[in-house]
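Participant: Quick one: this structure, given as structure tokens, is what I'll be asking you about.
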């Protein structure tokens, strides 16, 4: 339809296209600037939470030693490495360390045989000063009361301050332990 337009209308149409194109270029510049700012912020934010990860360091080995001590039913290392006011979260249930150690001793007595496999730990040394050890392992145990053998995958996180664990988090499926505790309860009736 441009061929039917007058010269003035063609000129207006050209100006309108030119302004639209100019606005489009301006919008692209704004979006590019915003995208660049977002990337810069994102990269700088990641730098703030960067960490060095180590696997053979003392704290990673301590996590494995704590597991061995649990397996051997010897909690002296636990008492040595955990702070008195350590915050304990077992499947997001909050406990104190003294009750946790007593509970682990009782739990350990529920099983007649006990083995560990797939034992891996590493420690994250964050540039903000936080130090966390992550520990994964599988427990294979035979119940002292049911006689059943089961495997459970476990994940623990330990936050360290001044060589002591100040936060201890445990994530696992407690159903095997609960089943064994219920069987023990039934036998004692």
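Participant: Here's a check for you: in segment 131-148, which residue that is over 19 Å from residue 67 (Cβ atoms) and in contact (Cβ under 8 Å) with a residue 40 or more places away in the chain is surrounded by the fewest Cβ atoms within 10 Å (Cβ to Cβ)?
Facilitator: Applying the filter and picking the extreme gives 144.
Participant: On the given criteria, is residue 78 assigned to a helix (DSSP H, G or I) and at pLDDT 95 or above?
Facilitator: Spelling it out, residue 78 is indeed assigned to a helix (DSSP H, G or I) and at pLDDT 95 or above.
Participant: Looking at segment 128-145, which of its residues are assigned to a strand (DSSP E or B) and either over 18 Å from residue 164 (Cα atoms) or under 11 Å from the mean Cα position of the chain (by Cα) (or both)?
Facilitator: The answer is 132, 133, 134, 135, 136, 137, 138, 139, 140, 141, 142, 143.
Participant: Let me ask something additional. Of the residues that make up segment 149-157, is at least one more than 27 Å from residue 53 (Cα to Cα), modelled with pLDDT of 95 or more, in contact with a helix residue (DSSP H, G or I) (Cβ under 6 Å, 6 or more places away or on another chain) and surrounded by 14 or more Cβ atoms within 10 Å (Cβ to Cβ)?
Facilitator: yes
Participant: Which residue out of 63, 69 is touching a helix residue (DSSP H, G or I) at 6+ places or on another chain (Cβ under 6 Å), in a helix (DSSP H, G or I) and either in the same structural domain as residue 157 (by TED's automatic domain parsing) or modelled with pLDDT of 65 or more (or both)?
Facilitator: It is 69.
Participant: What tally of residues in segment 151-182 results from selecting those that are without any contact (Cβ under 8 Å) to a residue 40 or more places away in the chain and in a strand (DSSP E or B)?
Facilitator: Going through segment 151-182 one residue at a time, the tally reaches 7.
Participant: Are any residues in segment 155-184 out of contact with any strand residue (DSSP E or B) (no Cβ under 7 Å at 6 or more places or on another chain) and closer than 20 Å to residue 93 by Cβ, and if so, which ones?
Facilitator: Listed by number, the residues that qualify are 174, 175, 177, 178, 179, 181, 182.
Participant: Among the residues that make up segment 109-126, is at least one of them within 30 Å of residue 188 (Cα to Cα) and surrounded by 17 or more Cβ atoms within 10 Å (Cβ to Cβ)?
Facilitator: Within segment 109-126, one or more residues are within 30 Å of residue 188 (Cα to Cα) and surrounded by 17 or more Cβ atoms within 10 Å (Cβ to Cβ).
Participant: Specify which of the listed residues (176, 170) is closer than 30 Å to residue 51 by Cβ and within 27 Å of the chain's Cα centre (by Cα).
Facilitator: Sole residue among the options that is closer than 30 Å to residue 51 by Cβ and within 27 Å of the chain's Cα centre (by Cα): 170.
Participant: Looking at segment 81-97, which of its residues are surrounded by 12 or more Cβ atoms within 10 Å (Cβ to Cβ) and either out of contact with any helix residue (DSSP H, G or I) (no Cβ under 9 Å at 6 or more places or on another chain) or not assigned by TED's automatic domain parsing to the domain that holds residue 132 (or both)?
Facilitator: 89, 96
Participant: If you don't mind, there's one more thing I want to ask. Any residue at all in segment 40-54 that's part of a loop (DSSP other than H, G, I, E, B) and at pLDDT below 95?
Facilitator: Yes, the conditions are met somewhere in segment 40-54.
Participant: Taking segment 52-72, which residues are under 26 Å from residue 141 (Cα atoms) and exposed (fewer than 12 other Cβ atoms within 10 Å of the Cβ)?
Facilitator: Passing the criteria: only 72.
The values are calculated or read from the model by the stated rules, or taken from the named source; none is laboratory data. Since this is a predicted model, take the numbers as computed values, not measurements. Positions of Cβ are backbone-derived with ideal geometry, glycine not excepted, and every protein chain shown enters the neighbour counts.
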